[in-house]
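Remarks on the structure that follows.
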Amino acid sequence: MPAPTEYVPAAGTITMFSTGWCGYCARLKQQLTKDGIDFTEVNIEEVPGTAEIVESVNGGNQTVPTVIFPDGSSATNPSLADVKAKLAA
């Protein structure tokens with residue numbers, strides 16, 4: 001299921017759904033920042049309706065980080081290398 005259009009990012013960037021307490025989210029944010037990859041973070045505990053978006057692309061699970069790419073596809077807990085490869089494709 002593709003992501004809702006309001007969360008599909010511009011080319012070369014990603015949207016990352018996260019929570020404030022997620023260690024994997026913090027690690028990916030740090031890696032993206034260090035590598036100069038722009039991202040928009042959306043906290044699923046603070047933005048109404050976003051937990052349901054995460055569930056819809058993760059088989060009913062609220063797994064974060066969930067990343068949305070410019071083509072509307074998603075990845076769950078991707079590595080920095082995965083993000084870079086997808087953005088370069």
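The values are calculated or read from the model by the stated rules, or taken from the named source; none is laboratory data. The shown structure was predicted, so the numbers you read here are calculated from the model rather than taken from an experiment. Here the Cβ positions follow ideal geometry from the backbone for every residue, glycine too, while neighbour counts run over all protein chains shown. Each accessible area value is taken on the protein alone, full model and side chains, heavy atoms only, with ligands, DNA and RNA left out. Shrake-Rupley method; radii C 1.70, N 1.55, O 1.52, S 1.80 Å.
Odds and ends about this structure:
- Hey, Ala81 open to solvent by less than 50 Å² (accessible area, probe 1.4 Å), without any contact (Cβ under 8 Å) to a residue 40 or more places away in the chain and part of a helix (DSSP H, G or I) or not: no
- Test: residue in segment 23-37 that is assigned to a strand (DSSP E or B) and either on the phi < 0 side of the Ramachandran plot or surrounded by fewer than 16 Cβ atoms within 10 Å (Cβ to Cβ) (or both): no
- Within segment 41-71, the residues that satisfy the criterion of being in contact with a helix residue (DSSP H, G or I) (Cβ under 8 Å, 6 or more places away or on another chain), under 25 Å from Ala89 (Cα atoms) and not in a helix (DSSP H, G or I) are Glu41, Val42, Thr63, Val64, Pro65, Thr66, Val67, Ile68, Phe69, Pro70.
- Screening the candidates Val54, Val47 for the property of being without any contact (Cβ under 8 Å) to a residue 60 or more places away in the chain and surrounded by 15 or more Cβ atoms within 10 Å (Cβ to Cβ) yields one hit, Val54.
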